[in-house]
Structure formats: structure tokens, C-alpha cells
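Accompanying notes for the structure given below.
The values are calculated or read from the model by the stated rules, or taken from the named source; none is laboratory data. All values reported here derive from a predicted model rather than from experimental measurement. Don't worry about glycine lacking a Cβ; one is built from the backbone with ideal geometry, like all the others, and counts go over all protein chains shown.
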Amino acid sequence: MKATSNIILVPLQEDDREQFILDNQEAFRYGAQQEFGLLDPRTKEGEEVISRTTIEHSIDDENAEVYRIVLDGQKVGGVVLKIDLTKAFGELVLLYVSPNIHSQGIGQTAWKAIESMHPEIKVWECITPYYEKRNIHFYVNRCGFRIVEFWNAHYHGPAIPEEEAGNWSEEDEMFLFRKVIH
């Protein structure tokens, strides 16, 4: 494991927005290709596992905090948080690390930085697709989240926002994770 003490979170700059979106899509595409291979419909050329619309809505949310994960001056990932101070609740909307530097402790170090930035948050939540075994391991075994729901065709969490209806189906299988800070 590479030393990760030189990781910082830097607020996303507008001139980096497009690259942030593309980097995020690359990371999600990599995860799907690792599980399903190149023949899966989600990984065909021109289609993305996570849509531009989904990422843009996350970034543009009025309660969003958007950061680049920077290691030794290089952009190696990104994160989108949604913070509700009145409820001491935080949502980890998106977190990605460039696939060419996975398994080096970068995501875990970034997560620790996020918790340090927001000691007022007592409950964190996030979701990830059922097939993302790396993410499941990361959230449960590295960051201390617990799986609290499995969304599938028979049970789905919150209503899908109208603007996301084309990118998200109630049949998509996802895990909801929660971390309670005591």
C-alpha cells in the first residue's frame, strides 16, 4: 500500500467540471467492466454506467460540497457530499478514485478527511450497485458503514426523482449503507 498522507480535498473549480464528470464516468465504467466484461450493455460505447445528468444534478444540488481528491498535486479522484446540518446528516453522493491507482488507501484517507471536515455529522449514508464488490468491501470493511437495505425489483428506497427517471430504475439493485457516529 502506498503512503497516502499527501492526500487533500480541494473544492472543485468550474474549469475542472467537465474532467471531473469524465473521470467519474471512467471509474464507474471500470467497475461495471470488471464485473460484467465489455459485452455488458452498460459498458457499450456511447453509454455510461453513471449518466452525465446524474453527476451534474449531484454537483449542482444546493447542498452539495464537491471536491477533487488530490495526491501529491495530482487529481486522482473526486467526491460529492450532501450535507444537512439541521439533521446532522450527510450523504456521500459520489466518491471515486482513478482505476489505475486503486488499492492504495486513497479512498479511505479521503473518507477520513471528510469525517474530520464534518464532525457535526452523526449519520452518513451512501448507496452503491450490488455488483460493486470493491465498493461494498470499501464501505463496510474500511470505512465502517453497515448495509441497511437492499433495493431491488421487490423493494426500493425513496421515489426516483423525475429528472433521473431515465437513468435510474426501481429494478436497479443497490445497497444502502449507513454509518452512525457515536
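Taken over the range 59-89, residues that are on the phi < 0 side of the Ramachandran plot and either outside any strand (DSSP E or B) or free of Cβ contacts under 8 Å to residues at least 12 places away in the same chain (or both) amount to 9. Taken over the range 107-135, the criterion of being part of a strand (DSSP E or B) and out of contact with any His (no Cβ under 9 Å at 6 or more places or on another chain) is satisfied by Val123, Glu125, Cys126, Ile127, Thr128, Pro129. The set of residues in the range 107-118 that are out of contact with any Lys or Arg (no Cβ under 8 Å at 6 or more places or on another chain), touching a residue at least 24 places away in the same chain (Cβ under 8 Å) and of a type outside the set (D, E, K, R) comprises Thr109, Ala110, Ala113, Ile114, Met117, His118.
When you go through Ala32, Ala64, Ala27 one by one, which is the residue that is at pLDDT 90 or above, out of contact with any His (no Cβ under 8 Å at 6 or more places or on another chain) and surrounded by 14 or more Cβ atoms within 10 Å (Cβ to Cβ)?
Result of the check over Ala32, Ala64, Ala27: Ala64.
For the range 37-52, the condition holds for no residue, the condition being that it is in a helix (DSSP H, G or I) and at pLDDT 90 or above.
Taking the residues in the range 130-182 that are surrounded by 15 or more Cβ atoms within 10 Å (Cβ to Cβ) and of a type in the set (Val, Ile, Thr) as candidates, determine which candidate is modelled with the lowest pLDDT. Here the residue is Ile160. All but one of (1) without any contact (Cβ under 8 Å) to a residue 60 or more places away in the chain; (2) touching a Phe, Trp or Tyr at 6+ places or on another chain (Cβ under 6 Å); (3) surrounded by 15 or more Cβ atoms within 10 Å (Cβ to Cβ) hold for Ile127, so report the exception by its number. Only one criterion is unmet by Ile127, namely (2).
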